[in-house]
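I have placed the structure first, in the form of structure tokens, so that the comments after it can refer back to it.
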Amino acid sequence: MLTHHLSFFKRPWWGVMALTFAAFIFNTTEFVPVGLLTAIGNSLDMRPTDVGVVMTIYAWTVSVASLPLTLFVREVERRTLLMRVFIVFILSHIVTGVAPNFEIFVLGRIGIAFAHAVFWSISIPLVVRLVPPDGERRALAMISIGTSVAMVAGVPIGRAIGDTFGWRATFQIIAGAAVLGMGALWLTLPKLDSQGSGSLNSLPKLLKTPVLVALFAVTVLTVCAHFTSYTYLEPFARAVTGASNIEVTFLLVLFGAAGVPAAVCFSRFYANRPRRFLLWTLCALAACLLLLWPCGQYVGTLSMLLLFWGVAIICFGLAMQAHVLRLAPDAADIAISMFSALYNIGIGAGALVGKFVARDVGLAWIGMFGAAVAVLGAVVCWLAFMAARRGTRRAAPLLTH
């Protein structure tokens, strides 16, 4: 009887929902320091912009660990692997929440980053495997909603908890939520082998795919551009816009709320013109970053800008993941782990660039620097697609003879 009741939860979309909740937890903890920089800095006797370096450390740990860890666990059954990942995740949050100094805080975040590296390397391919082919875009959109809800609710609620009970409570509550997520995954996921995970032998083939390599470069540039500004959105809103605590929380909520229209846009428009869709997201992101300072003079105009900015960056992430999966179907885990690693190199680079810009030039300039990098990413993407199109045209006559 118990087995019969449990089998009710072993359905594809239950598993997708559990992975969506897990994505919410992982994205909440990745970005929650953005809303807590001031609180952590005050507690550890550091400047908020100096605390921001933890974003770089976290991101670069993920980038370095993603591929080696993915290769190391490639033969492990996926549900069992997720249970182990969550154990590391929970224990590392406990360490982070009780850290007496910045060094221990960073140590805890590094443990979380290891769990993050494995989770995002396997979760996207898992979601695609759980559903029928005609449900792939919907499943990817659901994962993006988990990411978006993290921005809408997770990061602002984490900030609110930090303001009320202290920043340490935020990380302990995330650990509690992770226990629930772990239970949901165990209950809903069937046992899944490491199908399509790839191996070290997959790397040369992936690196010989010119469009894929170019898109990896675009990922680093675009994410760097985004996080040059986004990492320091809280101090920017305070110093440039003059926003209050409540208004800063509202702005963070609004940015995350963009995930819902972003998921709709991706589901509706990506399949028809995937390359054009990706290019438009890059152009929109560059425009939003360029307008950050002029729109940042007032809370109202900054609010509208953040909504468009959020749609652009989330659509970019979805479109890029879909492109990577399409270009590397036989080594999905390896390709996504490389994407995740490079994405996090971009996060770390952006946080670092933003720190120097904010400190040496001024917070008002973070958008300008980010926009310049975003334009470079758009140009590289356009050139890659043009080269791929020429290659296709040259191959066409050969195929007809």
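Bear in mind that the values in this text are calculations on the coordinates, not laboratory data. Please read these numbers as outputs of a predicted model, since none were measured by experiment. Reconstructed Cβ throughout: ideal geometry from the backbone, glycine too, with neighbour counts over all protein chains shown.
A few comments on the model shown:
- Positive-end residue of 358, 73, 232, charge dipole of the stretch 8-391 with Cβ unit charges: 73
- Stretchable slack from residue 247 to residue 379, in nm (0.36 nm times residue separation minus alpha-carbon distance): 44.0 nm
- Extreme residue, positive dipole direction of the chain, given options 320, 58, 19 (C-beta unit charges): 320
- The chain - charge dipole about Cα centre, Lys and Arg +1 at Cβ, Asp and Glu -1, debye rounded to 20: 1260
- Dimensionless Rg ratio for the stretch 229-322, taking C-alpha atoms and the 2.2 N^0.38 Å reference: 1.12
- Stretch gain in nm, segment residue 84-residue 47, where the contour uses 0.36 nm per residue and the Cα spacing is subtracted: 9.8 nm
- Full-stretch length increase - residue 273, residue 307 - with 0.36 nm per residue and alpha-carbon distance subtracted: 9.9 nm
- Estimated distance in nm for a label pair at residue 153 and residue 187, the labels positioned 7 Å out from Cα along Cα-to-Cβ: 1.6
- Working from label points 7 Å from Cα in the Cα-to-Cβ sense, the residue 361 to residue 283 distance is 2.5 nm.
- Spatial separation of Cα centroids for the stretch 337-358 and the stretch 360-382, in angstrom: 13
- Value in Å of the Kirkwood radius, where the stretch 8-391 supplies the Cα pairs that are averaged: 20.6
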